[in-house]
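> My structure is below; once you've seen it, I'll send some questions.
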């Protein structure tokens with residue numbers, strides 16, 4: 001059986017059409033802001049049947065490959081940025097990629113890249129990585145930066161949301177980072193509060209989220 005695309009509601013041709021129009025007008029339109037869901041692990045389907053670690057990792061890698069392939073197609077329609085110190089030109093190039101990529105994934109939803117079984121695997125890996133540590137202290141450390149803490153309290157990360165915006169990027173404890181599957185060079189893990197995010201560093205866009213990523217670890221300490 002042929003697998004369908006996992007990157008969620010691809011609007012690639014619409015995105016490429018926008019790029020042509022934007023180049024002609026010089027005034028690119030912004031896609032609508034994505035709906036911000038409640039920060040709830042239930043949205044990640046924690047009740048789904050667990051898969052083996054190998055299956056979860058293979059599924060995640062396939063979905064990441066699909067995302068990277070889409071991104072490459074989007075980038076092919078954008079004028080490449082030559083080496084420059086012009087901050088405005090760099091910002092414009094990044095904005096073009098951000099907008100086009102968000103339009104190409106306009107129908108993306110939580111779980112398209114990290115489906116429920118994979119989300120469960122990531123939570124378990126994080127729990128193992130910080131086993132024996134005070135989870136409350138880990139949570140506090142993730143939001144120890146005052147501005148990051150404010151972002152955590154006031155915003156719920158969602159797919160296609162811009163990140164990090166004007167705020168700081170939370171540092172992930174090395175033990176957690178080592179326990180998580182390796183990502184393509186374009187992508188990185190991050191935390192907003194206790195939500196684990198996968199974000200595209202080139203475009204500054206959240207690709208997928210895992211709410212309550214520390215819930216399994218908290219359960220072990222009770």
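> Are any of the residues in region 62-84 surrounded by 18 or more Cβ atoms within 10 Å (Cβ to Cβ), modelled with pLDDT of 95 or more and within 24 Å of residue 215 (Cβ to Cβ)?
Yes.
> Select from region 173-214 the residues that are over 22 Å from residue 62 (Cβ atoms), crowded, with 18+ Cβ neighbours inside 10 Å and in contact with a helix residue (DSSP H, G or I) (Cβ under 8 Å, 6 or more places away or on another chain) and write down the one among them that is modelled with the lowest pLDDT.
193
> Assess whether residue 117 counts as being in a helix (DSSP H, G or I) and either at pLDDT 75 or above or on the phi < 0 side of the Ramachandran plot (or both). First the steps, then the outcome.
Working: in a helix (DSSP H, G or I): yes; either at pLDDT 75 or above or on the phi < 0 side of the Ramachandran plot (or both): yes.
Judged against the criteria, residue 117 is a match.
> Residues in region 197-212 that are more than 8 Å from the chain's Cα centre (by Cα) and assigned to a strand (DSSP E or B): how many?
Count: 1.
> Could you tell me which residue of region 85-108 is surrounded by the most Cβ atoms within 10 Å (Cβ to Cβ), considering only residues that are part of a loop (DSSP other than H, G, I, E, B) and touching a strand residue (DSSP E or B) at 6+ places or on another chain (Cβ under 9 Å)? Steps first, answer last, please.
Residues of region 85-108 that are part of a loop (DSSP other than H, G, I, E, B), as a first pass: 85-86, 105-108.
This time we only want the ones that are touching a strand residue (DSSP E or B) at 6+ places or on another chain (Cβ under 9 Å), so: 105, 108.
On the way: 105: 28, 108: 26.
So the residue we want is 105.
The values are calculated or read from the model by the stated rules, or taken from the named source; none is laboratory data. Just so it is clear, the model here is predicted, and its values are computed rather than measured. Counting neighbours? That spans all protein chains shown, and the Cβs are built from the backbone with ideal geometry, glycine included.
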